[in-house]
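Reviewing the structure listed below.
The values are calculated or read from the model by the stated rules, or taken from the named source; none is laboratory data. A quick note: this is a predicted structure, and the numbers were derived from the prediction, not measured. Cβ: placed from backbone, ideal geometry, glycine included. Neighbour counts: every protein chain shown. Just the protein is used for accessible areas: all its heavy atoms, side chains included, with ligands, DNA and RNA removed. Shrake-Rupley method; radii C 1.70, N 1.55, O 1.52, S 1.80 Å.
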Amino acid sequence: MVSVGAVGEILKHPDEIYFLLKLKMVLSRAEKQMTPNEPHWKFCYTMLYKSIRSDIISHPMFPPVDTHFRNAVETIDDYDEYCHHVAGLFGICLSKLFNASGKQQDPALENLSNSLLMLFQKKDIIEDYLEDINEIPKPRVFWPREIWSQYVNKIEDFKYEENSVKELGCLNEMVTDALKHTGDCLNHMSALKDNAALQLSAMLGFGTLALCYNNIQVFKAGVKLRPGLVAKIVDRTTTMSDVYNAFFEFASLMKSKEYFPIFRAKARISNFDKF
């Protein structure tokens, strides 16, 4: 059931209603064609999950995530390693599947797939600040101390109104850090033969970063892309050229909101301008 608030948000953007209805019809048709409860489908999903999970857990290069990151993430290098553990390794496994299926021909693209999933993970960490910091019995802290400690003594302090200027500076620095993965993301998607689902996921991830950028609501109520905007993106993205255009529009939106209150953060704008 759609809430009154959701209906109000939809009515604020009447140009998106057509795309919402169109996507709903497509999803309904697809749902009728899928039979995941049949034994052979269930077996395939189970074996695929076990294979991917086993590949990630038994990866020889790194120790288990839970033991290695038992405490808060300290440095940006720690942050990158954590995101590689929980998401990047899955990207590498996904790349192996693409290679096996013939959808991807170059094994060297595995590193690009790692970057793509790391961008998704960093997007989740940024937009989930409020949920993680309010975790009971103890906050979950994935933002690297190397970044947030330049603004506040305790990361929980971002919840308070008097730190609003500092909040935005730190948030924007977190987003620009995630942008360092966008070049690899685009190169990876352009190399795939059949990449519609991956294109959509990357655009929605990047669009969420654009929405989070310089947005105080990340610390107050959380932010999500409007369903109507998502439907519009789905409908209008069919080629790699469409992907480039969408990324450029989101990047331009962030550039228009550019804000860094301290010199250290300004130095990190290179990720933004490079992209």
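Among 245-251, 143-149, 233-239, 109-115, the peptide with the highest mean count of other Cβ atoms within 10 Å heads the list, and the full ranking is 109-115, 143-149, 245-251, 233-239. Computed from phi, the 3J(HN,Hα) profile of the range 211-225 under the Karplus parametrisation 6.51, -1.76, 1.60 (θ = phi - 60°) reads 5, 5, 4, 6, 10, 5, 5, 4, 9, 10, 9, x, 9, 9, 5 Hz, with x in place of Gly and Pro. Counting only protein heavy atoms and using a 1.4 Å probe, the accessible area of LYS123 comes to about 40 Å². Per residue, the range 133-230 exposes an accessible area of 41 Å² to a 1.4 Å probe, with every protein chain left in place.
With all protein chains in place and ligands, DNA and RNA left out, the 1.4 Å accessible area ranks ARG226, ARG140 as ARG140, ARG226, largest first. Listed cross-link partners LYS138/LYS257; LYS159/LYS224; LYS122/LYS166; LYS180/LYS255 are compared with a 27 Å cut-off, the Cα-Cα value being larger for LYS138/LYS257.
Grouping the Cα pair distances of the range 127-261 into 10 Å bins from zero gives a pair-distance distribution of 11, 39, 30, 17, 3, 0 percent in increasing distance order. Assign one of three labels to the range 117-160, namely rounded, prolate or oblate, based on the Cα gyration tensor with a ≥ b ≥ c the square roots of its eigenvalues; rounded applies when a/c is under 1.5, prolate when it is not and a/b is larger than b/c, and oblate otherwise. Since a/c reaches 1.5 but b/c is at least a/b, the shape of the range 117-160 is classed as oblate.
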